[in-house]
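Mind looking over this structure? Questions follow.
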Amino acid sequence: QVQLVESGGGLVQAGGSLRLSCAASGSIFSINAMGWYRQAPGKQRELVATITKDGSTNYADSVKGRFTISRDNAKNTVYLQMNSLKPEDTAVYFCNSDLKRRSFNSYSQYWGQGTQVTVSS
């Protein structure tokens, strides 16, 4: 069994900051990339940022310069620091992990339950 649990969402005014956390737990053997995605009402889920095991990062153009993704491999945790938030950042944010479970032969994608981020104007 594997769980990804997000925390840190909430309501913030435009220009404010939030920090999301996502901890992976369970029978994990190894984790490759971890990332954050978001889904606004009526829209498709979209990539926000990803980070590889060795720390290489990738960002959506809409968040470059404002959001920073990081991870703590010892804690199987990924973070998303969100600064200069805009109303258009309002969405449910989902954590994603490409990981291999113990006694399994391959890597699979796992998702958290999502955390709501609301930015008021």
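The values are calculated or read from the model by the stated rules, or taken from the named source; none is laboratory data. Bear in mind that the values here come from a model prediction, so they are computed numbers and not experimental data. Glycine gets a Cβ as well: all are built from the backbone with ideal geometry, and neighbour counts include every protein chain shown. To get the accessible areas, we keep the full protein, side chains included, count just its heavy atoms, and leave off ligands, DNA and RNA. Shrake-Rupley method; radii C 1.70, N 1.55, O 1.52, S 1.80 Å.
If I compute solvent accessible area with a 1.4 Å probe over the protein chains, what percent of it on region 16-99 is carbon and sulfur?
On region 16-99, the fraction of accessible area on carbon and sulfur atoms equals 47 percent.
In a GNM of the chain with a 10 Å cut-off on Cα contacts, which of 108, 70, 17 has the highest mean-square fluctuation?
With Cα springs under 10 Å in the chain, the top fluctuation among 108, 70, 17 is at 108.
Give the ranking of 54, 72, 89 by solvent-accessible surface, highest area first, calculated with a 1.4 Å probe.
54, 72, 89
Would you be so kind as to identify which of 10, 120, 25 lies farthest towards the positive end of the dipole of the chain, taking Lys and Arg as +1 and Asp and Glu as -1 on Cβ and the Cα centre as origin?
Of the options given, the answer is 25.
Give me the lysines in straight-line cross-link reach of residue 75: C-alpha distance below 29 Å, same-chain residues under 8 apart excluded.
Those lysines meeting the cut-off are 53, 64, 100.
Using only protein heavy atoms and a 1.4 Å probe, report how much of residue 6 is accessible, in Å² to the nearest 10.
Rounded to the nearest 10, the figure is 10 Å².
Using the heavy atoms of the protein chains alone and a 1.4 angstrom probe, what is the accessible area of the chain per residue in square angstrom?
Accessible surface, normalised per residue, equals 53 Å².
Still on this structure: Picking from 96, 105, 58, which is most flexible by a Gaussian network model of the chain using Cα springs under 10 Å?
105
Next up: For residue 4, tell me the accessible area in Å² from a 1.4 Å probe, rounded to the nearest 10.
Around 10 Å² of this residue is reachable by solvent.
Can you tell me the length gained on complete extension of the stretch residue 56 to residue 108, counting 0.36 nm per residue apart and subtracting the Cα distance?
16.8 nm
At 1.4 Å probe size, put 86, 64 in order of accessible surface, largest to smallest.
Putting 86, 64 in descending order of accessible area: 64, 86.
How much accessible surface area, in Å² rounded to 10, belongs to the heavy atoms of residue 94 with a 1.4 Å probe?
Accessible area of residue 94: about 30 Å².
Using a 1.4 Å probe and counting only protein heavy atoms, arrange 66, 19, 101 so the residue with the most accessible area comes first.
Ranked list, largest accessible area first: 19, 101, 66.
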